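Input: a single structure, listed below in structure tokens.
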Amino acid sequence: MFLDKLQFINTFIFDVDGVLTDGSVYVTEAGEQLRQFNIKDGYAIKLAIKQGFRVAILSGAISKSIEFRLKGLGVKDIFLGVDHKAETYSQYLQANKLSAEKILYMGDDIPDFPVMKLVGLSVCPADAAEEIKAISHYISPKNGGKACVRDIIEKVLRVQGKWHDKDPSAYDGVL
């Protein structure tokens, strides 16, 4: 059962576009690509890290602004510009001696498919591609960029009794 699997999760891996963002890319006249992140997702990521969970990002996107945002939240394992996600995922597992059964991956589209077949728990936002929904253990009621990351992190932390924090800092790394 889905809820039973949540008690063993110790690592979250997220795609960026379509998961942490709504998938929109705004291009400035200077050619800079901008994305919008959800502050509730940011808080949940920070809390998960504070509670001892490993959080990693695995994305085909390349952007200094993505890296800036994620580092501000305390994410250390950031893999951007990844063409073959399953290969990078396998290297990450080996390098950190992680067990696939304890990893939750949230993706939304075809490039996420291979790695989602390898992890212990595959989840996706409500607006994910149909092929991704078909292999997901859980489909968030939230769309990408609209707190779907918060939704799944909160579920895992609640099941493990780690949701509340004595010092719920609101600082999200952005100055």
Which value in nm describes the separation of the simple spin-label points at residue 67 and residue 110, placed 7 Å from the Cα toward the beta carbon?
2.8
Hey, how many Å between the Cα centroid of segment 107-124 and the Cα centroid of segment 18-84?
17
What are the semi-axes of the equivalent ellipsoid of segment 28-74, taken as the square roots of 5 times the eigenvalues of the Cα gyration tensor, listed largest first and rounded to whole Å?
24, 11, 8
Suppose every K and R has +1 on its Cβ and every D and E has -1 on its Cβ; what is the size of the dipole of segment 1-74 about the Cα centre, in Debye to the nearest 20?
400
Give, in nm to one decimal, the length gained when the segment between residue 24 and residue 126 is fully stretched (0.36 nm per residue of separation minus the Cα-Cα distance).
35.1 nm
Mind telling me which of 109, 17, 77 comes out most flexible in a GNM of the chain, alpha-carbon contacts under 10 Å?
77
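Sequence gap at least 6, Cα distance under 8 Å: using those rules, report the relative contact order of the chain to the nearest whole percent. Each step should come with its number before you reach the end.
On the way: 327 pairs, mean separation 50.7, N = 175.
Reported as a whole number, the value is 29 percent.
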Provide the descending list of Cα extents for segment 2-159 along its principal axes, expressed in whole angstroms.
49, 32, 28
³J(HN,Hα) computed for each position of segment 119-136 - Karplus, 6.51 cos²θ - 1.76 cosθ + 1.60, integer Hz, glycine/proline x:
8, x, 9, 9, 9, 8, x, 4, 9, 5, 4, 4, 5, 6, 4, 5, 9, 7
Mean-square fluctuation maximum in Gaussian network of the chain, Cα pairs under 10 Å, restricted to 19, 159, 115, hits 159
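We did not get these values from a lab; they are worked out from the coordinates using the rules stated. Since this is a predicted model, take the numbers as computed values, not measurements. Glycine gets a Cβ as well: all are built from the backbone with ideal geometry, and neighbour counts include every protein chain shown.
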